[in-house]
Amino acid sequence: MDNFRLSFEFFPTKTEEGTKKLYNTRDKLAELNPDFFSVTYGAGGSTRNNTIDIVNGLNQKGISTAPHLSCVGESRDNIKELLNHYAQNDVDRIVALRGDLPSGMATSSGELKYANELVELIKKEHGDRFHLEVAAYPEMHPQANNYEDDLLNFKRKVDAGADSAITQYFFNIDSYLYFVDRCLDMGIETPIVPGIMPITNYTKLARFSDACGAEIPRWIRKQLEAYGDDNESIMKFGEEVMTLMCEDLVENGVPGLHFYTLNQADPCLNIWKNLNLW
Ligand code: FAD
């Protein structure tokens, strides 16, 4: 387990209270000594300043924190300015993405259309200064023409210089294992770390999953639906299911786990403790 990688993702907060809660969450998760934290970015720059502030604040507390950076709706100059800021502020890792603009705004706006172009730009401007993470989709990106094209598009990001990848969350382990096998067949040896979404709220999970193309298996969906407003049972069942899934992933030799925390510590901590890896 020496090279096993643990990371936690936050979203940037807008209020003082939210930020305080985020720092509490950070402190609880820091006890697990993760390899890094990451902070999402609102495509088109909607959270630009909040993302910067939180990345700088978290970075100063000792655990490396990676900003997410999306290219859609941005000019090259804006992106370069942001990269220079991060380079000057001890950031050593970036999650490089295309991003999704809010509905109504054309996805084609901006000077870079796809994440592979962003990876190319970062490499051109900063060489190996940053460890570059990109996104991977074991169940296929929802806008991809087909599975094979999506795989080739993932490979473009790796060929452009991505160092590792974090997957969209999924509940079907086979989809992840198949994706990794197909990547290996294509000569992609870059670590592909599964993204883990703790189950805490069925309504939100169902909405997110529809939008990002993550399938909730019937047996999980039906069970969660049956709990209705009984949040305690949802949390208990969610923890059980996600612990089993992570155990299975670890047994299958995954290079690490990346948790989508939604700024909550306890669901991630509980799963991690159940795994009893150390
Ligand atoms: P890309 O890799 O560019 O792929 C997008 C689509 O275009 C795919 O269908 C792909 O098959 C196709 N494609 C890719 N390259 C080409 C090409 N050269 N030619 C033709 N077609 C191509 N979103 C945010 O807004 N902010 C965040 O902070 C954020 N963080 C995320 C973190 C993780 C770990 C993940 C998995 C997703 C995150 N997202 C975030 C969501 C992500 O931005 C969306 O899923 C977005 O729709 C795709 O981004 P991408 O970087 O995967 O895009």
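Throughout, read-outs are computed from the coordinates displayed, never taken from laboratory work. Everything numeric here is computed off the predicted structure, so don't read it as measured data. Neighbour counts run over all protein chains shown; Cβ positions are idealised from the backbone, glycine included.
List of remarks:
- Listed residues E239, E16, E111, most fluctuating in the chain (Gaussian network, C-alpha, under 10 Å): E16
- Fully extended contour minus Cα-Cα distance, from N84 to Y178, at 0.36 nm per residue: 30.1 nm
- Cα-centre dipole for the chain with unit charges at Cβ (Lys and Arg positive, Asp and Glu negative), debye to 20: 580 debye
- A simple count of charges around F37, restricted to other residues whose Cβ falls under 11 Å of its Cβ and scoring Lys, Arg +1 and Asp, Glu -1, yields +1.
- Fluctuation leader among G73, G228, G99 - the chain, Gaussian network, Cα springs under 10 angstrom: G228
- Local electrostatic count, Y114, Cβ distance below 15 Å [Lys/Arg +1, Asp/Glu -1]: -1
- Two-decimal Rg/Rh across the chain, once Rg and the Kirkwood Rh are taken from alpha-carbon atoms: 0.94
- Helix content alone sets the calculated 222 nm mean residue ellipticity of the chain: runs of n ≥ 4 DSSP H residues at -39500 (n - 2.57) each, divided across all residues, give -15000 deg cm²/dmol.
- Inter-part distance where the range 221-278 and the range 28-53 are each reduced to a Cα centre, Å: 21 Å
- Surrounding net charge for Q60, when Lys and Arg each add one and Asp and Glu each subtract one, Cβ distance under 14 Å: -2
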